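The values are calculated or read from the model by the stated rules, or taken from the named source; none is laboratory data. Here the structure is a predicted model, which means the values were calculated and not measured. Cβ placement follows ideal geometry from the backbone for every residue including glycine, while neighbour counts extend to all protein chains displayed. SASA here: full protein model, heavy atoms, side chains in, ligands and nucleic acids out. Shrake-Rupley method; radii C 1.70, N 1.55, O 1.52, S 1.80 Å.
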Amino acid sequence: MYYIKSIFTLLFIWFIAHVSYSIFDGIKDDQYNSDVAVILGNKVHKDGRLSVRLEKRLECGLSLYNNKRVKQIIVSGGLGKEGHYEAEIMKIYLLNHGVKASDILVDNYGNNTRLTVKNTLRLKEKHKFSSIIVVSQYYHITRIKMLFKKHDVYVHGVSPDYFEQRDIFSIPREFAAYYTQCF
């Protein structure tokens, strides 16, 4: 019984340490400038409205662009069950907020984090950019960075100042996703 308690205690400590690091890593902004920002998609409602989460990500990316911290923006997202290509809706948002069409690259096949990384690496090769800032929720940044690092690409992360009750469930999910994708 002692060994079982010890194992559960160690697992709990590991979980708390990882989550604490991920939250800190996701919230901090090192103020780096990069060639591009990659904004990861999220839900678009059936009527075409952005979810608050996605709108906050786009606002964050737009701020990077307007403050000249990035030259271009990649919008990445797949076809949602609501019937919209997230990246196309994201592009429209950015165009409506003053981003030049030539400064927006669209990835309509970023159906998940791993595919967004894979597709961004293809765009990196094609468009010859060398530095990347990823934009997503704070708890997601560490896993995104890890997936890029597996390809010897080091990125910086920025997250919007947006927190919601759903984060309580998303944080443990990210813990599990990190360790299922790190190998």
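Quick notes on this one:
- Solvent-accessible ranking of M146, M1, largest area first, probe 1.4 Å: M1, M146
- Accessible area per residue for region 60-142, computed on protein heavy atoms with a 1.4 Å probe, is 47 Å².
- Here region 88-137 yields Rg over Rh of 0.96, to two decimals, using C-alpha coordinates and the Kirkwood radius.
- Projected-area mean, the chain, by convex hull of Cα positions, square nanometres: 11.4 nm²
- Annotation note: GluC sites (Glu not before Pro) in region 33-119 located in DSSP loop regions with a Cβ neighbour count of at most 15 within 10 Å are E82.
- Close Lys-Lys pairs in region 66-141, where close means Cα under 14 Å and separation is 8 or more or interchain: 6
- With contributions of -39500 (n - 2.57) from each DSSP H run of at least four residues, the per-residue ellipticity at 222 nm computed over the chain stands at -16500 deg cm²/dmol.
- Surface composition of region 25-183: carbon and sulfur make up 51 percent of the accessible area, probe 1.4 Å.
- Rounded to the nearest 20 debye, dipole of the chain from Cβ charges on Lys, Arg, Asp, Glu: 360 debye
- The Rg/Rh ratio of region 1-65, with Rg taken over Cα atoms and Rh as the Kirkwood radius over Cα pairs, comes to 1.23.
- V38 long-range amide H proximity, modeled H, under 5 Å: I74, I133, V134, V135
- Measuring only protein heavy atoms, the 1.4 Å probe finds I16 accessible over about 70 Å².
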